[in-house]
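Trainee: Sending over a structure as structure tokens; questions will come in a sec.
The values are calculated or read from the model by the stated rules, or taken from the named source; none is laboratory data. Keep in mind the model is a prediction, meaning the values are calculated, not measured. As a convention, Cβ positions derive from the backbone with ideal geometry for all residues, glycine included, and neighbour counts pool all protein chains shown. To get the accessible areas, we keep the full protein, side chains included, count just its heavy atoms, and leave off ligands, DNA and RNA. Shrake-Rupley method; radii C 1.70, N 1.55, O 1.52, S 1.80 Å.
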Amino acid sequence: MTGAWGEAQLKRVLELGGLEESVHYDCQETFTSPGSDRRDLRTDVLVKMPDDRWLVIDAKTTMSAYVDYVRADGDAKDDPRARIVASVKNHVDELRNAAYHRNLAATTGRKLLNTMLMYIPFDEVFLIAMKAEVSVSGERILLREYARRNDIVFVNSSSLMPVIRLVEMLWARDKAD
């Protein structure tokens, strides 16, 4: 249910940005990939770009940890904050393992950009993810750097809008040519 809410928010941002479903993007496409550790993979959104390129946007909602975080005061925020960070890191790992740019290309022939966008609808969760540090192979690094190393960029509604606008401008330029 919370995943569906996040996906609905993502779809709303795409529509507010001027993109049309089935014209500029597709939702909830499921495919099977032998190169993945999961049998069926499902993208939240695939944004179509000129030159038959595609951009994966995946929504991440950490509703229960977020609600606990908002309700807590002082030091009581530490546990829900840690759950938020762990949830976002796990989602980065899931996206990395899905390897959409490789697996979707292999099964459908689509050319995907190597970088995926992880849409985080709650601004507070987005800010926590942007500032959080995680341990990777004994090294403390920013969670956003860990994501970047895995070809994933965190976006919220505000930071996604310029990307959508860029896609819209690319389509307008492509149409004019």
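Trainee: Go ahead and collect, in residue order, the members of the range 118-140 whose backbone nitrogen is under 14 Å from a label point 7 Å along the Cα-Cβ direction of Ala82.
Mentor: Only 133-135 fall inside the zone, counting backbone N under 14 Å.
Trainee: Whole Å is fine, so just give me how far the alpha carbon centre of the range 41-73 lies from that of the range 117-177.
Mentor: Answer, in whole Å: 10.
Trainee: Have a look at Arg71, Arg42, Arg148 and tell me which one the Gaussian network model of the chain (Cα, springs below 10 Å) gives the largest fluctuation.
Mentor: Arg71
Trainee: Using a ≥ b ≥ c from the Cα gyration tensor of the chain (square roots of the eigenvalues), is it rounded, prolate or oblate, where a/c under 1.5 gives rounded and otherwise the larger of a/b and b/c decides, a/b for prolate?
Mentor: Prolate is the answer for the chain, as a/c is 1.5 or above and a/b outweighs b/c.
Trainee: Straight-line reach from Lys60: which lysines have Cα under 29 Å away, leaving out those fewer than 8 places along the same chain?
Mentor: Qualifying lysines at Cα under 29 Å: Lys11, Lys48, Lys77, Lys89, Lys111, Lys131.
Trainee: Run the numbers on the range 69-138 and let me know its relative contact order in percent, using alpha-carbon pairs under 8 Å that are six or more apart.
Mentor: Dividing the mean separation by the residue count of the range 69-138 yields 30 percent.
Trainee: Still on this structure, please answer the following. Please list the non-local residues whose amide H lies under 5 Å from the amide H of Asn156, H modeled 1.01 Å from N, same-chain partners needing a gap of 5 or more.
Mentor: Ile120
Trainee: Here is a further query. Accessible area of the range 102-142 with a 1.4 Å probe: how many percent of it is carbon plus sulfur?
Mentor: Within the range 102-142, the accessible surface is 49 percent carbon and sulfur.
Trainee: What is the sum of charges, Lys and Arg at +1 and Asp and Glu at -1, for the other residues whose Cβ falls under 14 Å from the Cβ of Asp73? Please report the intermediate quantities before stating the final value.
Mentor: Working: positive: Arg71, Lys77, Arg81; negative: Asp68, Asp75, Asp78, Asp79.
Net of charged neighbours comes to -1.
Trainee: Using label points projected 7 Å from each Cα along Cα→Cβ, tell me how many nm separate Ala4 and Arg53, to one decimal.
Mentor: Rounded to a tenth, the inter-label distance reads 3.5 nm.
Trainee: Take the Cα pairs of the range 70-170, get the Kirkwood Rh, then feed it into Stokes-Einstein at 37 °C and 0.692 mPa s and tell me D in µm²/s. Could you put the intermediate results ahead of the total?
Mentor: On the way: Rh = 15.1 Å.
The Stokes-Einstein estimate is 218 µm²/s.
Trainee: What list of ³J(HN,Hα) values in whole Hz, one per residue of the range 68-79 in order, does the Karplus curve 6.51 cos²θ - 1.76 cosθ + 1.60 (θ = phi - 60°) give from phi, with Gly and Pro shown as x?
Mentor: 4, 5, 5, 6, 7, 10, x, 5, 5, 6, 4, 5
Trainee: Moving on to the next point. Using a Gaussian network for the chain with springs between C-alpha atoms less than 10 Å apart, which of these wobbles most: Gly109, Gly18, Gly138?
Mentor: Per the Cα network of the chain with a 10 Å cutoff, Gly138 tops the list.
Trainee: Can you tell me how much longer the chain between Val67 and Gln28 gets when fully stretched, taken as 0.36 nm per residue apart minus their C-alpha distance, in nm with one decimal?
Mentor: Net length gain for the segment: 11.4 nm.
Trainee: Over the chain, what is the relative contact order in percent, taking alpha-carbon pairs closer than 8 angstrom and at least six residues apart?
Mentor: For the chain, the relative contact order is 24 percent.
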